[in-house]
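Worksheet: one structure, shown below.
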Amino acid sequence: MDLYTIAVHEAGHAVASVLWGRQVEYVTIAPRGEILSECNNGKLLFDLEDSQEVNGQRLFREGVILLAGLAAENLILGIQPEESRALEDMKKFERLLGRMSEQQKDEMHDSVCRMAFSTIGAPMTQRHIIAVAEELLKVKTLSEEQIKNVMETASW
């Protein structure tokens with residue numbers, strides 16, 4: 001997989017995090033061991049899956065952010081979901097849905113997918129993702145403040 005695709009994927013997570021009010025510690029395309037790239041949001045919701053802190057609204061938001069990389073690859077680069085590098089993200093999302101009934105899982109999955117693709121499908125969001133991806137290609141790692149600055153610059 002080429003570095004630009006990886007950058008778009010991670011930028012999708014980062015931009016969606018900002019838009020959905022989720023902290024972003026950093027996003028990077030600099031490989032570390034087996035991790036090729038990541039968007040680090042601090043303590044992730046799936047770390048809390050056994051607690052009572054998980055509610056529908058948080059689950060929905062985390063799902064949208066998890067699927068934003070897949071949506072960015074598809075909507076910006078034309079990569080089909082089955083060809084995406086987002087398999088691990090899909091597994092994480094499925095783990096989040098673990099305690100729900102099959103009907104609830106299906107409904108949440110459909111709603112989250114629609115919202116992830118709707119969020120990433122907005123032209124301004126795509127401009128933000130492309131700008132963040134291009135900056136990642138230059139510097140490899142961006143903080144939340146840097147992500148927001150790139151998004152602000154791309155808005156003009």
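If DNA, RNA and ligands are ignored and the probe is 1.4 Å, what is the ranking of Ser37, Ser111 by accessible area, most exposed first?
If we order Ser37, Ser111 from most to least accessible, we get Ser111, Ser37.
Relative to the Cα centre, what is the charge dipole magnitude of the chain, using +1 at the beta carbon of each Lys and Arg, -1 at the beta carbon of each Asp and Glu, and rounding to the nearest 20 debye?
Using only the charged Cβ atoms, the result is roughly 280 debye.
What are the extents of the Cα atoms of the chain along their three principal axes, in Å, largest first?
Principal extents (Cα only, largest first): 44, 31, 28 Å.
Order His109, His13, most accessible first, counting only protein heavy atoms with a 1.4 angstrom probe.
I get His109, His13, largest accessible area first.
Keeping the other protein chains in place, figure out the carbon and sulfur percent of the accessible area of the chain, with a 1.4 Å probe.
Of all accessible area on the chain, carbon and sulfur atoms account for 51 percent.
Keeping every protein chain in place, order Trp156, Trp20 by accessible area at 1.4 Å, biggest value first, i.e. largest first.
Trp156, Trp20
In whole Hz and in residue order, list the ³J(HN,Hα) couplings for the stretch 108-123 that follow from phi through the Karplus curve 6.51 cos²θ - 1.76 cosθ + 1.60, θ = phi - 60°; x for Gly and Pro.
Once rounded to whole Hz, the list reads 5, 4, 4, 5, 5, 4, 4, 5, 4, 6, 5, 4, 6, x, 5, x.
Quick check for you: with a 1.4 Å probe and neighbouring chains kept, what is the accessible area per residue of the chain, in Å²?
For the chain, the per-residue accessible area is 52 Å².
Please list, in order along the stretch 90-99, the HN-Hα scalar couplings obtained from phi with the Karplus expression 6.51 cos²θ - 1.76 cosθ + 1.60 (θ = phi - 60°), rounded to whole Hz, x for Gly and Pro.
Rounded to whole hertz, the list is 5, 4, 4, 5, 4, 4, 4, 7, x, 8.
Once the Cα atoms of helix 144-154 and of the chain are each reduced to a long axis, what angle between those two axes, in degrees from 0 to 90 to the nearest 10, is obtained?
For helix 144-154, the angle is close to 60 degrees.
What 222 nm value per residue comes from the helices of the chain, counting each DSSP H run with n ≥ 4 as -39,500 (n - 2.57) and dividing by all residues, nearest 500 deg cm²/dmol?
Calculated at 222 nm, the ellipticity per residue is -20500 deg cm²/dmol.
Keeping all protein chains in position, work out how much accessible area Leu70 exposes to a 1.4 Å probe, and write it in Å² to the nearest 10.
Its heavy atoms expose roughly 10 Å² to the probe.
The values are calculated or read from the model by the stated rules, or taken from the named source; none is laboratory data. Because the structure is predicted, anything quoted here is derived from the model rather than measured. Every residue, glycine among them, receives a Cβ derived from its backbone with ideal geometry; neighbour counts consider all protein chains shown. Protein only, heavy atoms only, side chains kept; ligands, DNA and RNA dropped before computing areas. Shrake-Rupley method; radii C 1.70, N 1.55, O 1.52, S 1.80 Å.
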